[in-house]
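Q: If you scroll down you'll find the structure; I have some questions about it.
The values are calculated or read from the model by the stated rules, or taken from the named source; none is laboratory data. What you see is a predicted model, and the numbers here were worked out from it, not measured in a lab. Note: ideal-geometry Cβ built from the backbone for every residue, glycine included; neighbour counts use all protein chains shown.
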There are 2 protein chains.
Amino acid sequence: MKNYEIMQKDLKYNWHPCTQMKDHEFLPLIPIKKGEGVYLEDFEGNKYIDAISSWWVNLFGHKNPYINKKIKEQLETLEHVIFAGFTHEGAVKLGERICKLTNFDKVFYADNGSSAVEIAIKMSFHFWKNNGLIRPLFFSLENSYHGETIGALSVGDVGLYKDTYKEILIKNITIPIPKDKSVEEAKKALKKAREVFERYHQNVSALIIEPLVQCAGYMKMHHPIFVKGLRELCNEFNVHLIADEIAVGFGRTGSMFACNQANVKPDFMTLSKGLTGGYLPLSLVLTTNKIYQAFYCDYKELKAFLHSHSYTANPLAIAAANATLDIFEKGKFKNEILFYDEEGESIIEHNKKTSNYIWEKMQRFKDLKNVKEIRQTGMISAIEMIDYPFEKRMGLKVYEYGLKNGVLLRPLGNVIYFMPPYIIKKEEIDKMINVAFEAIKSLE
Amino acid sequence: MKNYEIMQKDLKYNWHPCTQMKDHEFLPLIPIKKGEGVYLEDFEGNKYIDAISSWWVNLFGHKNPYINKKIKEQLETLEHVIFAGFTHEGAVKLGERICKLTNFDKVFYADNGSSAVEIAIKMSFHFWKNNGLIRPLFFSLENSYHGETIGALSVGDVGLYKDTYKEILIKNITIPIPKDKSVEEAKKALKKAREVFERYHQNVSALIIEPLVQCAGYMKMHHPIFVKGLRELCNEFNVHLIADEIAVGFGRTGSMFACNQANVKPDFMTLSKGLTGGYLPLSLVLTTNKIYQAFYCDYKELKAFLHSHSYTANPLAIAAANATLDIFEKGKFKNEILFYDEEGESIIEHNKKTSNYIWEKMQRFKDLKNVKEIRQTGMISAIEMIDYPFEKRMGLKVYEYGLKNGVLLRPLGNVIYFMPPYIIKKEEIDKMINVAFEAIKSLE
């Protein structure tokens, strides 16, 4: 079968996420036959550089031989077991290494990012309740995105996803964000944040943030001192800090976790996406012994955290996560190729070089009249076009141009961004950037 | 390493779902080394019959050779691709066959049951909004359970999971349930349901139900005419019906889906758990063209359903789901063994025999003084003990007795239930039931 036939068959039954399905009357829905490295290949042999890591999940390439091997090994012993009252080797291993890596004490498991956010919110609220306080509000940041289940959506602020549902969301309080990455704007925003804290803190369980980059929020970036200042406000006003590192964790921002750059330890951290190297849904909520102890008591006191999902700590997804952490530990780049048992640059070192290279190549976007700003934080790079009205759908035009020229870009409104797998090579970066450049130029 | 050492290592870092962690000061947390068929095996060689299908997910046994093979094949082509703007062969196949199997038109994907419930709720609310109506309330049943993210928890009614969070939940209206499986009680409950519909329907988007069995709600069961009557009320008052078949779907109640027995077509159906044969997290929301069309319009009208999860329609999980449906289509039992290319009994036929056998063997529980009722719906069988006060934790005593004797039972309060994989054999059933019998008897 060719692309078109498969697309028609798909559109008859499948309803796609984050999509106005009528768009596919003119926009091709691309059926992918296979993936390898940074490339996705359709049923007609066209290849696309996955410049967005398939929604920011893939780190070490499609069909990664090492992760494949580890999942196959897991299939030979245990595909799944209930995680209440039971455990398995992979979870014991992952629990220990993720706590040591993040400097947290305890890990709670779920399947996707939204669920992890829901858990962090509930755990924070429940902590205060177990301590005799009712704090039904949450602080979150202007322009934030934390997922789209009711709780996660409630602490988000992207109108496109949220406004429709306002009558069925729970209440949260929004804190203004810095206008840009500068120290000055961070300080201004912190001043405003203080006012909000002063006014509401007594009824607030936690502040949830995406440290350094608000990815779904049009790749807006802020200085690490903003994160540091928010941590200080949380300390001062006795409010938990939840760092949602679902999109920014695992080396994406230049350090292993975004909070590292602000030298901040949150009370909760949520992880997902890159956690399994882009293979399988799995998410984690990390927290401290202080939180854990508030739930630890005799059963009859009814203070336990009884949240659950059927596939909690699924052994196959955990095998992918452990394999991903193995690569972070043992993987070395040598002449742009990732090896597992050789000398070379660490992943983080290599990412620094890669992002420097991308940044250098991106400078020429400044010459385009329809580009307002370029910005970068580690392996996240963004080009913001001028404020085209949303009905013009300029981003969509860039998307179409990209696909026709072998690059999967998926702009957010007027913002084009690069968030490729870490194994991308210079020549692939050149192509990715050239195609984006020509696409934006064609709109001038 | 032996069980105890692994348990200690686990308890240092992992926080388990639905668990008062302090219980593990006296209750062993069992580390599972491998699974095969109905058995789980720990690190000291003890085997346990998985009488609860690892939280109701496993259908055709642990380490199922056919599902293993299909996941391995998928690993060789495509582990994952973004599902917005893209598709893949497995999703095209699953979309078509699940719609045909359920008689629905469209399928939307997520990762776990809670997320599917959140999607169904949002989609129903959004449908009415796209039609100019604001209907912020939901109907749900007394004693219901639909998951534990904020939206899903809001439409649930099990106090143990819900009460703590009441200040951060959205509003729902509860409809009384029948006292037992009889037609009379169903009729009485429908009469009360009518009163609730009459009073609130204008502000209500949907009624969500678990058809036939409220699994987490202590395995309470009702007659199919209750489901039929609720569908009629939904029609009369123009409210959507969401059938949550996450736990009861895929042959669990004796028919492929529980709604089949009531001859009811809901507006939305949520599926998960058994969907992947117990392998990987994946969930679906099925709906009709009527619903779909309310979202289908020009992008700029902003009526699209923009919900998304990173791993939507993950190809590996879908490979497991397609393999599971293959087994339903081609699998035949012959002398209690499941074959893929032989003549024999279909899965559903075999399940009927199995559940009849279980029911027959369960009769002797009636002789126990501390048993109040036994009940069964297809492959779900429950024994309700007398109303021991919750602090006595009699269920936990049955759980401990089960583990010591090689059977994983996981009572819900005073209710002991059997929900084994469909491949369980008569001699395994005998053991499962004998152990449960002795456990309950020991409490007399």
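Q: Can you name the condition, by its number, that A:GLY151 falls short on among (1) more than 7 Å from every other protein chain (Cβ to nearest Cβ); (2) crowded, with 24+ Cβ neighbours inside 10 Å?
A: Here A:GLY151 meets the rest and fails (1).
Q: On the given criteria, is B:LYS366 closer than 13 Å to B:PHE437 by Cβ, surrounded by fewer than 17 Cβ atoms within 10 Å (Cβ to Cβ) and more than 14 Å from every other protein chain (Cβ to nearest Cβ)?
A: Taking the combined requirement at face value, the residue satisfies it.
Q: Within region A:75-114, track down each residue that is out of contact with any strand residue (DSSP E or B) (no Cβ under 8 Å at 6 or more places or on another chain), closer than 26 Å to A:GLY254 by Cα and more than 7 Å from chain B (Cβ to nearest Cβ).
A: A:LYS93, A:ARG97, A:LYS100, A:LEU101, A:ASN103 - these are the residues of region A:75-114 that are out of contact with any strand residue (DSSP E or B) (no Cβ under 8 Å at 6 or more places or on another chain), closer than 26 Å to A:GLY254 by Cα and more than 7 Å from chain B (Cβ to nearest Cβ).
Q: If A:LEU412 satisfies all but one of (1) touching a Leu at 6+ places or on another chain (Cβ under 8 Å); (2) in contact (Cβ under 8 Å) with a residue 24 or more places away in the chain, what's the number of the condition it fails?
A: It fails just one condition, (1).
Q: Pick from region A:154-190 the residues that are within 14 Å of another protein chain (Cβ to nearest Cβ) and within 17 Å of A:LEU412 (Cα to Cα): which of them is surrounded by the most Cβ atoms within 10 Å (Cβ to Cβ)?
A: The extreme case among them is A:GLY156.
Q: May I ask you to verify whether B:LYS129 is at pLDDT 95 or above and in contact with a Pro (Cβ under 9 Å, 6 or more places away or on another chain)?
A: no
Q: Based on this model, can you work out whether A:TYR292 counts as in a loop (DSSP other than H, G, I, E, B) and among the hydroxyl-bearing types (Ser, Thr, Tyr)?
A: No, not satisfied.
Q: In addition: I need the full set of residues from region A:1-33 which are in contact with a Pro (Cβ under 9 Å, 6 or more places away or on another chain) and among the hydrophobic types (A, V, I, L, M, F, W, C), in order please.
A: A:MET1, A:ILE6, A:MET7, A:ILE32
Q: Related question: Quick check on A:SER144: is it buried (at least 18 other Cβ atoms within 10 Å of the Cβ), at pLDDT 95 or above and within 13 Å of chain B (Cβ to nearest Cβ)?
A: Criteria not met by A:SER144.
Q: Here's a follow-up. Within region B:313-329, identify whether any single residue is within 12 Å of another protein chain (Cβ to nearest Cβ), buried (at least 17 other Cβ atoms within 10 Å of the Cβ) and not in a helix (DSSP H, G or I), and answer yes or no.
A: Yes, that holds for at least one residue.
Q: Anything in region B:16-39 that is within 16 Å of A:LEU302 (Cα to Cα) and either of a type outside the set (S, T, N, Q) or more than 28 Å from the chain's Cα centre (by Cα) (or both)? List them, or say none.
A: Matches in region B:16-39: B:HIS16, B:PRO17, B:CYS18, B:MET21, B:LYS22, B:ASP23, B:HIS24.
Q: Starting from residues that are under 16 Å from the mean Cα position of the chain (by Cα) and more than 13 Å from B:CYS234 (Cβ to Cβ), keep the ones in region B:261-275 and report whichever is surrounded by the most Cβ atoms within 10 Å (Cβ to Cβ).
A: Among residues in region B:261-275 that are under 16 Å from the mean Cα position of the chain (by Cα) and more than 13 Å from B:CYS234 (Cβ to Cβ), the one surrounded by the most Cβ atoms within 10 Å (Cβ to Cβ) is B:SER272.
Q: Among residues belonging to region A:27-74 that are hydrophobic (A, V, I, L, M, F, W, C), part of a strand (DSSP E or B) and at the interface with chain B (Cβ under 9 Å from one of its Cβ atoms), point out the one that is surrounded by the most Cβ atoms within 10 Å (Cβ to Cβ).
A: Only one residue tops the list, namely A:ILE32.
Q: Given the structure, is B:GLU198 in a helix (DSSP H, G or I) and not small (Gly, Ala, Ser)?
A: In short, yes.
Q: Further question on the same structure: Hey, among B:ALA304, B:ALA294, B:ALA247, which residue is buried (at least 20 other Cβ atoms within 10 Å of the Cβ) and either of a type in the set (S, T, N, Q) or in contact (Cβ under 8 Å) with a residue 12 or more places away in the chain (or both)?
A: B:ALA247
Q: Suppose we filter A:ALA116, A:ALA110 for residues that are crowded, with 19+ Cβ neighbours inside 10 Å, at pLDDT 95 or above, touching a helix residue (DSSP H, G or I) at 6+ places or on another chain (Cβ under 6 Å) and of a type in the set (A, V, I, L, M, F, W, C); which single one remains?
A: Exactly one residue qualifies, and that residue is A:ALA110.
Q: Still on this model: Provide a single number: the residues in region A:229-286 that are in a loop (DSSP other than H, G, I, E, B) and more than 10 Å from chain B (Cβ to nearest Cβ).
A: Counting residues in region A:229-286 that are in a loop (DSSP other than H, G, I, E, B) and more than 10 Å from chain B (Cβ to nearest Cβ) gives 18.
Q: In addition: Could you grab me the full set of residues in region A:419-444 that are part of a helix (DSSP H, G or I), among the small types (Gly, Ala, Ser) and more than 28 Å from A:PHE333 (Cα to Cα)?
A: A:ALA439
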